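Asks: Quick one: structure below, then a few questions.
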Amino acid sequence: MLGELVLAIGLPLALLLLAILALERWGDGLPPWLRSLSQRPSMLWNTGVGLIIGLSLLRWLLQR
């Protein structure tokens with residue numbers, strides 16, 4: 001039960017905190033690898049959705 005709670009809440013929270021720290025470090029400018037994705041808004045959106053799907057799949061696999 002505790003492991004599932006850590007996966008369901010802890011992992012997304014850790015990713016959110018890392019993203020906030022990274023964006024604060026770079027200020028208004030994006031890092032080069034994100035800048036190339038942001039030239040096409042759909043690519044950035046699709047990457048985000050892909051990460052959500054991938055992390056959900058990882059969570060599902062770890063629960064089995």
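The values are calculated or read from the model by the stated rules, or taken from the named source; none is laboratory data. This structure is a prediction, so every number in the text was calculated from the model and none was measured. No Cβ is skipped: glycine too gets one built from the backbone with ideal geometry, and neighbour counts run over all protein chains shown. Heads up: the accessible areas ignore ligands, DNA and RNA and are worked out on the full protein's heavy atoms, side chains in. Shrake-Rupley method; radii C 1.70, N 1.55, O 1.52, S 1.80 Å.
Asks: How many residues does region 1-28 contain that are open to solvent by less than 80 Å² (accessible area, probe 1.4 Å) and over 30 Å from residue 64 (Cβ atoms)?
Replies: Total meeting the criteria: 3.
Asks: So which pairs qualify, if the first residue must be in region 5-28 and closer than 23 Å to residue 60 by Cα, the second must be open to solvent by 100 Å² or more (accessible area, probe 1.4 Å), the Cβ gap must be under 6 Å, and the two must be at least 6 apart or on different chains?
Replies: Going by the 6 Å Cβ cut-off, the qualifying pairs are 7/59.
Asks: Whether any residue in region 46-62 is open to solvent by less than 90 Å² (accessible area, probe 1.4 Å), touching a residue at least 12 places away in the same chain (Cβ under 8 Å) and not β-branched (Val, Ile, Thr) is what I want to check.
Replies: Yes, region 46-62 contains at least one residue that is open to solvent by less than 90 Å² (accessible area, probe 1.4 Å), touching a residue at least 12 places away in the same chain (Cβ under 8 Å) and not β-branched (Val, Ile, Thr).
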